[in-house]
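Here's the structure, in structure tokens; my notes come after.
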Amino acid sequence: MNKVSFFTLILGFALLATACKSGINSQTKNTSATASTLLETRYKMLLEYPVDSMSMPRSMNLKSSLIKKVPSRDWTSGFFAGNLWQLYRLTGNSEYKKQAEKWTPFSKKESVNSGSHDVGFKVYCAFGEGLKVEDNADYKKTIIKGAETLCTRFNEKTGAIRSWDFNKDIWEYPVIIDNMMNLELLFEATKLSGNKKFHDIAVKHANTTLKNQFRTDNSCYHVIDYNPDTGAVRKKTTLQGYNDDSVWARGQAWAVYGFTMSYRYTKDPAYLKQAEATAQFFMTNKDLPEDGIPYWDFKDPSIPNAARDVSAATVMASALYELYGYTQNKSYLTYADKVITTLQSDNYIVNPKINAPFILDHSTGNWPKKDEIDEPIIYADYYFLEALLRKKEL
Ligand code: GLY
């Protein structure tokens, strides 16, 4: 055996050992040919899922075979159309485009729902992806409408867009790190409409988040609660992390993605600096498994037996391809490539015998609520497809 194959073998064993420790099914890694056949099988299942105006597939419990379906008001309602648009761009198969056109209107009414900050996820992930494929006046109008709706949740005193309206007995004005993702809708709406207001509100929100949401080690809090009358920070806390001082993996990924995307529209070096610092925290963390797929929270005391979160890894991979484009820092490319290589194996691709419109297994939705633990979840697929596209376009 030559030196190279010896080291490849050792690396293979190390990856396998890490996967076993965290409960990931340990089978031999696929060749890339098998992985692409597996992926193609999974992709096609998105076409077979019937268009249903009442509900969208969000996640699946593989033990009970139950698919969780959600109405348009759910924060994930734009992802299925987004996945179909991205599959069209990846494969060139017009069947995906036809299906995407049918699914895109599903979340349209959310462009006037001011009940949460999630209007960005719901509207932009469907209509924004559609606009990348076809010039459609209705898609543009919907994005601008959505941006107007999102802006109604902005308050000058806090300098931030309010995330949630629930738990009013605990929080006065909660802002969560995930909210950075919704800024893309605002930045794009300014480009589409020429109305600077959307861009300016996005910048104010990003600046407030930059000021208050990060710890000195560049990890971030999940929730910051503000006093809406004075703008003062009341609490730094969590809803989806292990505890207030823990480091919820998907939250870190939202931060890296959100500040990289905000840099795209503003070229503010402070955003780039924060995205890089938080990416470093994530990528160099001693508790990041060898195969690059994080545990759902970097501070879960049950590591290495904690559940993984593939969605955090796919959000990071997609963000890092973009961040690499701005910095030429090879470590971002190395980590993103590692993630998408790791995921293209039968350890992570949903078994081809399972008839459901999902691609990747092992995401964790809401651990404190014991909801969607170690399951296929739609947004992991969305950012995986986006990462594949971004890699292709590099
Ligand atoms: N934005 C909600 C979540 O990441 O679970």
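At-a-glance table
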{"item": "Principal axis dimensions, region 315-394 - Cα atoms, whole angstrom, descending", "result": "38, 31, 17"}
{"item": "Potential extension, LYS236-THR216 segment - 0.36 nm per residue separation minus Cα distance", "result": "5.8 nm"}
{"item": "By average C-beta atoms within 10 angstrom, highest first, the peptides 81-92, 362-373", "result": "81-92, 362-373"}
{"item": "Span-rule helices in the chain, defined as complete DSSP H runs reaching 30 Å or more along the axis (Cα) with Kyte mean at least -0.5", "result": "none"}
{"item": "Region 200-347, dipole about Cα centre (Lys/Arg Cβ +1, Asp/Glu Cβ -1), debye to the nearest 20", "result": "400 debye"}
{"item": "Residue order, fewest to most beta carbons within 10 Å, for MET60, MET180", "result": "MET60, MET180"}
{"item": "Zone residues, region 82-113, relative to SER53, backbone N less than 15 Å from point 7 Å out along Cα-to-Cβ", "result": "102-110"}
{"item": "Ranked packing of 110-119, 36-45, most packed first, by mean Cβ within 10 Å", "result": "110-119, 36-45"}
{"item": "Length released on extending from ASN366 to ASN136, taking residue separation times 0.36 nm less the Cα-Cα span", "result": "79.2 nm"}
{"item": "The chain, dipole about Cα centre (Lys/Arg Cβ +1, Asp/Glu Cβ -1), debye to the nearest 20", "result": "400 debye"}
{"item": "Rg in Å to one decimal, and Dmax rounded to a whole Å, for region 136-232 via C-alpha atoms", "result": "14.1, 45"}
{"item": "Intensity falloff of region 344-391 expressed as log10 I(q)/I(0), Debye formula with alpha-carbon point scatterers, at q = 0.18, 0.25, 0.30 Å⁻¹", "result": "-0.59, -0.96, -1.12"}
{"item": "Average projection area in nm² (convex hull over Cα atoms of region 168-292, one quarter of hull surface)", "result": "8.7 nm²"}
{"item": "Pairs of Cα atoms farther than 35 Å apart, the chain, %", "result": "21 percent"}
{"item": "Hull-based mean projected area of region 242-327, where the convex hull spans the alpha carbons, in square nanometres", "result": "5.5 nm²"}
{"item": "Cubic angstrom per residue, convex hull over Cα atoms of region 97-188", "result": "94 Å³"}
{"item": "Helix-only CD estimate at 222 nm, as mean residue ellipticity for the chain, using -39500 (n - 2.57) per DSSP H run (n ≥ 4)", "result": "-15500 deg cm²/dmol"}
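Throughout, read-outs are computed from the coordinates displayed, never taken from laboratory work. Not measured: the values here are computed from a predicted model. Using ideal geometry, Cβ is built from the backbone for each residue, glycine included, and neighbour counts are taken over all protein chains shown.
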